[in-house]
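A short write-up of the structure that comes next.
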Amino acid sequence: MTPTGGRSPNRPPSSGERRRPDGRAPARRPPSRSGAPRERPPGSRPPRRRRPRPTPVSLPRVPALDGLRVIAAASVVIYHVMGATYGANPTAGVLFPSAAFLFFVISGYVIYRPFTASHLAGNAPPDLRRFYRSRVLRVLPLWWIAVAAYSVVEPGQQLHTAGQWIATLALLQYPWREIRYAVIGPAWALSVEWIFYLTAPLLALAVRTQRRRHFRSTSPVKAEAVVLSTLFVAAWLVPQARPFAALAAGMGFAVLDVHCRQHGRPAWLRSLAGNGWFMAAVTAASWLALAHYPYREGLSVQWVERDALVVGIWTATAIAWFLPIAFGNPSRQPQKALGGGRMAFLGGLTFGIYLWHQLVLDQVIDRLGRDGSFTAILYLTVLGTMVLALVSHVLVEAPIQRLSHPRRRAAGAGRAEPVDDAGGAIADPLTAPDEPASVGSAP
């Protein structure tokens, strides 16, 4: 050692140590006592900054959505009974078509939430094979049984070619006007949701892939917001595609929900979710606007393409009903009542209720006539619909759910089980049960 404590000039340098031009080893820099960052040597690369990992996010169920689906299904039944007895567009029932758009908003929220959560958290996306398998097993078997039953009880359906039958059996009849309301009239809404189920995962994958390839500097939440806003406007401008605007709104709420679980809820959302007056005010304003609206002939289904204003009011009403329930405090009312065990049980029957009520209503009208008592027709329709929905659940839906999800095989055969919304809600009316979703940051 030298008297100064440095390395001897004749000692070979250690591995990785560079000599000065005069052959002596470079002197080591003393550590900085001030804590100030040292200057980098010329030509050296700056240290690579690691991106902060996104906050892990869990997706608990929203039990109150069970009750919201029950209310939506009941509204659809009541509206169709009113249309059969009082005629098209009864003043008292002008808001009931909002129930169909409420189903769309709920479906967009429930189905898209696990996909956007994996995107925002930087995790792998959900398994598409499992997703499609669960939807096919949940939807198509009961749909095929219902189509067969309607064809037998009410022959002379508006299906004349093999292509029309294939489109109907595949639940893809909505794009074709000549068969959109054939066999099961209210199933136009189910067809809209089924098309959404087939395309939503692919849209989520495309948004994720394109952002990584071309817009890496854009945050995932901004990319989702831009794509969904564009989809909402495009769907609204195309008359036939307006129901998909409500689905896009639900997808936007899914993104908002995941973002809030990562960064907290903004003040405006806490105010709307905790204020029941918002729901009441929008509902009252919508009813007043529609009650004095100059309707033309036809029920609500024809108005999807005829008038964007009417559809906009229905969509706004559905959003006003959805926001406080989905984002409100689950321990308060009405969320607590809507998320109870009875609502969960009835929520498991809503797919059957939506499928069977038109068949029962037609049979009741054939026997009592359109001038019969509204109360009697409604009572018999609800009674017959609930019986058929319960039987189809016990004999068809529950066994298929147990076969497709082994962890549920031990459950009772006739029990309508609540399922985690994040993986697929109870009868949405079409969604299938799945595993609870918990999305964390990528390893």
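Taking Ala245 as the residue in question, decide whether it is small (Gly, Ala, Ser), surrounded by 23 or more Cβ atoms within 10 Å (Cβ to Cβ) and either assigned to a helix (DSSP H, G or I) or at pLDDT below 95 (or both).
Answer is yes for this residue.
State which residue pairs qualify: first residue free of Cβ contacts under 8 Å to residues at least 40 places away in the same chain and inside segment 269-280, second residue assigned to a loop (DSSP other than H, G, I, E, B) and small (Gly, Ala, Ser) in any location, beta carbons under 7 Å apart, and separation of 6 or more residues or different chains.
none
With the structure loaded, tell me whether Ser191 is surrounded by 14 or more Cβ atoms within 10 Å (Cβ to Cβ) and among the polar types (S, T, N, Q) or whether it fails that test.
Here the answer is yes, as Ser191 does meet what is asked.
Could you list all residues from segment 194-210 that are in contact (Cβ under 8 Å) with a residue 40 or more places away in the chain and either closer than 16 Å to Ala121 by Cβ or loosely packed, with under 13 Cβ neighbours inside 10 Å (or both)?
Within segment 194-210, Ala204, Leu205, Val207, Arg208 qualify.
Report yes if Thr199 is within 25 Å of Tyr79 (Cβ to Cβ), part of a helix (DSSP H, G or I) and among the polar types (S, T, N, Q), otherwise no.
no
For segment 422-438, state whether one or more residues are crowded, with 19+ Cβ neighbours inside 10 Å, under 24 Å from the mean Cα position of the chain (by Cα), assigned to a helix (DSSP H, G or I) and modelled with pLDDT under 95.
So far as segment 422-438 goes, yes, one or more of its residues are crowded, with 19+ Cβ neighbours inside 10 Å, under 24 Å from the mean Cα position of the chain (by Cα), assigned to a helix (DSSP H, G or I) and modelled with pLDDT under 95.
The values are calculated or read from the model by the stated rules, or taken from the named source; none is laboratory data. Given the structure is predicted, the values throughout are model-derived calculations rather than measurements. Because the Cβ atoms are built from the backbone with ideal geometry, glycine has one as well, and the counts that use them run over all protein chains shown.
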